[in-house]
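The values are calculated or read from the model by the stated rules, or taken from the named source; none is laboratory data. Note that the coordinates shown come from a computational prediction; the quantities given were computed from them, not determined experimentally. Glycine gets a Cβ as well: all are built from the backbone with ideal geometry, and neighbour counts include every protein chain shown.
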Amino acid sequence: MPDVVKRYVHFVDTFNRRVGIFAMYLIFAMFAILLYSSTSKAFKLPANWTLESAQFTMAAYYMLGGAFAMQTGDHVRMDLFYGTWSARKRAIFDLVTAVALVVFLGFMLYGGITSTTYAIQFKEKSFTAWAPYMAPIKIVMTFGVLMMLAQAFSSLFKDIAVLRGRPIA
């Protein structure tokens, strides 16, 4: 593979690993928010921001961790046959699914950008009592889709390299 492709794969994998490790700790932030919510309700002082904040934190956790899960192969996969295949056969199968994934994530990215642009342009707010602005979480989610798209291309390049007999480390 050309050096530019190898550098791309290395950069994307390193970046997504770092963001993914950061995203892992968001689960503790969500737990803290939910603990505060439970505690405040026990003392008859419920906070109206806790449930939505926990949902936003979980969305950020999920979207920012998606590329890292894709990179490490920790996502759900039907491994009935896949585990017994040769590296070459797995690379062919992964190549086909990576192309489908790139198309899907392309549509997701387009939708995320248009939704985020709308939220910024019209100062979109949630329809709850707290009524937070939606743009910050939409930006995070769109960035997560962009990271997954970059990781899908990285995986695609790695599969092509395996098929050529020169895997990218």
(request) Check off (1) under 13 Å from the mean Cα position of the chain (by Cα); (2) over 30 Å from Ala129 (Cα atoms); (3) assigned to a helix (DSSP H, G or I) for His75 and give me the number that stays unchecked. (result) (3)
(message) Let me confirm something: among Gly106, Gly66, Gly111, which residue is of a type in the set (Gly, Ala, Ser) and free of Cβ contacts under 8 Å to residues at least 40 places away in the same chain?
(response) Gly111
(message) Whether any residue in the stretch 27-34 is at pLDDT 95 or above, in contact with a Leu (Cβ under 9 Å, 6 or more places away or on another chain) and not hydroxyl-bearing (Ser, Thr, Tyr) is what I want to check.
(response) yes
(message) Given the criteria at pLDDT below 95 and part of a helix (DSSP H, G or I), does Ala119 qualify?
(response) no
(message) Take the conditions charged (D, E, K, R), at pLDDT 95 or above, in contact with a helix residue (DSSP H, G or I) (Cβ under 8 Å, 6 or more places away or on another chain) and crowded, with 19+ Cβ neighbours inside 10 Å and apply them to Lys158. Does it pass?
(response) no
